[in-house]
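Trainee: Structure incoming, see below.
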Amino acid sequence: MMKSRRSFIYLGCIRIIAALTGCAATLLMLKIPTKGENMKITCMRFVVFAIALVGIASTVSASDKPSSYLVFKAGVYSPSEKYDLENFNGGTTSRLDPKTGFDGEIALGHYFLPILALELGVGYFESKGSPSAEPGNTKLKVLPVLATAKALLPLGPLEPYGEFGMGAYFTKLDVSGNLSSFSGSSKVTYGLHAGVGLNLDLTDALFLGVEGRYLWAKPSFGGQDVKINGFTATADLGLRY
């Protein structure tokens, strides 16, 4: 009995320390950026914040469900903006119309609270594009590394949520079939994303879901900025553990 009581007190102390650490991390994360700070610094701060809370959350019991999960997502990426490329056909500037392509992601998440989860994922999406009246086409390939915070509303087996996050985007653009074929990669581009989703629990350890998300990012290829803003829609399969 004495040993059990000591274990209970010890666990309670750990949870209090975890909560205080989480509050301190939150205050650091929400600090108003100074004038010289940029998107890269803000994204790095968000990623550190997310990793810290995922680590802290391992000491806190969120609910009766397993508190960690692995989720597989597959669906489509739909670009929302056209973009211009200079010297696309012998010195001309061409406007390209990107098409809907594949989107996928694998993510690890943890419930910090029943209404708060943090997710770290890596994905891939692509899109082909072409000008309206010229030869040639493009293929955009993107590898995003994402940190996402989710605010959830547990409703029995249903779990609707909203999300917001930041990511590092590794991009490559291939141009072919024209007078200026090339293949180029950009430096790491930092961007934002936000979305909504719905999970349906089949069991405590298995769930299905759907998710819609919008992303903002603008990589540069040879000095030319290309907005890859767009929607993603995925069907999800998750395993809690």
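Trainee: For the range 160-176, which positions are over 19 Å from the mean Cα position of the chain (by Cα) and touching a residue at least 40 places away in the same chain (Cβ under 8 Å)?
Mentor: Leu173, Val175, Ser176
Trainee: In the range 100-120, which residues are surrounded by fewer than 21 Cβ atoms within 10 Å (Cβ to Cβ), out of contact with any helix residue (DSSP H, G or I) (no Cβ under 9 Å at 6 or more places or on another chain) and either polar (S, T, N, Q) or closer than 24 Å to Val76 by Cβ (or both)?
Mentor: Hits for the range 100-120 are Thr100, Gly101, Phe102, Gly104, Ile106, Ala107.
Trainee: Here's another thing I want to ask about it. Looking at this structure, is Val145 under 24 Å from Lys99 (Cβ atoms) and either of a type outside the set (Ser, Thr, Tyr) or part of a strand (DSSP E or B) (or both)? So that I can check it myself, show each step before the final result.
Mentor: Working: under 24 Å from Lys99 (Cβ atoms): no; either of a type outside the set (Ser, Thr, Tyr) or part of a strand (DSSP E or B) (or both): yes.
The answer is no for Val145.
Trainee: State which residue is modelled with the highest pLDDT when the search covers only the range 59-96 and only residues that are β-branched (Val, Ile, Thr) and farther than 30 Å from Pro157 by Cβ.
Mentor: By that ranking, first place goes to Thr93.
Trainee: Same structure, new question: Take the residues in the range 168-199 that are within 15 Å of Ile228 (Cα to Cα) and in a loop (DSSP other than H, G, I, E, B), then tell me which one is modelled with the lowest pLDDT.
Mentor: Once the filter is applied, the top-ranked residue is Ser186.
Trainee: State all residues of the range 207-224 that are touching a residue at least 24 places away in the same chain (Cβ under 8 Å) and either over 12 Å from the mean Cα position of the chain (by Cα) or in a loop (DSSP other than H, G, I, E, B) (or both); if no residue qualifies, say none.
Mentor: Phe207, Leu208, Gly209, Val210, Ala217, Lys218, Pro219, Ser220, Phe221, Gly222, Gln224
Trainee: So, one more: Considering only residues of the range 121-130 that are surrounded by fewer than 20 Cβ atoms within 10 Å (Cβ to Cβ) and modelled with pLDDT under 95, which is nearest to Ala217 (Cα to Cα)?
Mentor: Top of the filtered list is Lys128.
The values are calculated or read from the model by the stated rules, or taken from the named source; none is laboratory data. Bear in mind that the values here come from a model prediction, so they are computed numbers and not experimental data. As a convention, Cβ positions derive from the backbone with ideal geometry for all residues, glycine included, and neighbour counts pool all protein chains shown.
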